[in-house]
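One structure below.
The values are calculated or read from the model by the stated rules, or taken from the named source; none is laboratory data. Because the structure is a prediction, the values reported are computed rather than measured. Using ideal geometry, Cβ is built from the backbone for each residue, glycine included, and neighbour counts are taken over all protein chains shown. We work out accessible area using only protein heavy atoms, side chains counted, and drop any ligands, DNA or RNA first. Shrake-Rupley method; radii C 1.70, N 1.55, O 1.52, S 1.80 Å.
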Amino acid sequence: GSSRSWTALTEPGLNLGDWIVRSRQIASLGQQASRLNALEAYAQRTFADQATVLQVGQIQMGNPVLSGVSVDGFQLFSEQALGHLQQRRVVQGIAKSQARVEIYQRNRLVYATVVPPGPFSIDSPAPVDAFAELEMVIHEADGEERRLTLPASPMAAGLSGGYQFGIGQLRHSRAASPWVLSAGWSGSVLDGLEVGGGLSATDSYQATGFALGAQPWTQAQMQWSLGYSQPLHQERGMQSQMTLNQQFAGGWGAGLTYGLQSQSYQDLQQALEPSGRLEGLRDFFSVGLSWQGTGLGNFSVGGGQSRTRNGQTSSQANLR
């Protein structure tokens, strides 16, 4: 048998004086379905004297400590404040045959490619929100479909620092499209201690978040995030994640991550479009050990386990 699919990820733009204009979209044409997603289209200007960036248009409105949302509106932020929206997350898996791999975030296709049989690693070229889960779908050549939920990775590179403020009307919603307000700040308060806080609100939904980054002892880095959601007339939900990394002598390093999400936690998109299904991760953990050599290169081994809200468990192990 045979199959054919096409994917195009385009990022046209131009500069007009002190403004830059950019847009990003992905088109996917295959035997199962065809999609065209307009991801972003905005104008942006940096005000150097105030160290402030202005974005206007179809934007991904971010927050230093909370999940971002796609809106038609504007936002102001300091140059480094939205670093978590520029992360490139590595996606790994194993294909049984020449397979088509699709990566989704908030039910939107953000990347697609074809991989040969065996293990694969994808450095997603599209910036994705570190505070939101990814879903990877592997379409095998014989028609088999496998899905894997990849946990959020807030503060994977530490708190970015700075402030953010924005207002806009929610996009990509099959239900209501309310106006959203988002504001937050993060920065260093003491030597080796960083904190952050933020809020996101509509007329029927509120979320607040807090983050902490610290160096508890020599060559150690700890990050902790905590978030609450409160949809109108629904139960309050909580999610939390902690990461601890330790560097040792001789190029050795170790890391531990644990995340937990209550059954009632919902981001804004989930609160507006309840599906009746138990979606998303309930908890997950991962551990890793690495060594960076000189003549022999780098080595890492790790593993983890995640559990969804409907009780399904999946485990992973890797050696590189």
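Some observations on this one:
- Of the residues making up the range 202-209, at least one is touching a strand residue (DSSP E or B) at 6+ places or on another chain (Cβ under 8 Å), part of a strand (DSSP E or B) and hydrophobic (A, V, I, L, M, F, W, C).
- Restricting the range 302-317 to residues that are assigned to a strand (DSSP E or B) and open to solvent by less than 60 Å² (accessible area, probe 1.4 Å), the residue that is nearest to Ala254 (Cα to Cα) is Gly302.
- Consider the range 97-112 and keep the residues that are hydroxyl-bearing (Ser, Thr, Tyr) and in a strand (DSSP E or B). The one that is farthest from Thr10 (Cα to Cα) is Tyr104.
- Residue in the range 97-108 that is farthest from the chain's Cα centre (by Cα), counting only those that are open to solvent by less than 40 Å² (accessible area, probe 1.4 Å) and at pLDDT 85 or above: Ser97
- Gln263 vs. criteria assigned to a loop (DSSP other than H, G, I, E, B) and surrounded by fewer than 13 Cβ atoms within 10 Å (Cβ to Cβ): yes
- When the residues of the range 222-254 are filtered to those that are small (Gly, Ala, Ser) and open to solvent by less than 50 Å² (accessible area, probe 1.4 Å), the one that is nearest to Gly304 (Cα to Cα) is Ala254.
- Residues of the range 178-190 satisfying the condition of being surrounded by fewer than 15 Cβ atoms within 10 Å (Cβ to Cβ) and of a type in the set (Ser, Thr, Tyr): Ser188
- Condition check for Leu66: part of a strand (DSSP E or B), buried (at least 16 other Cβ atoms within 10 Å of the Cβ) and touching a residue at least 60 places away in the same chain (Cβ under 8 Å): no
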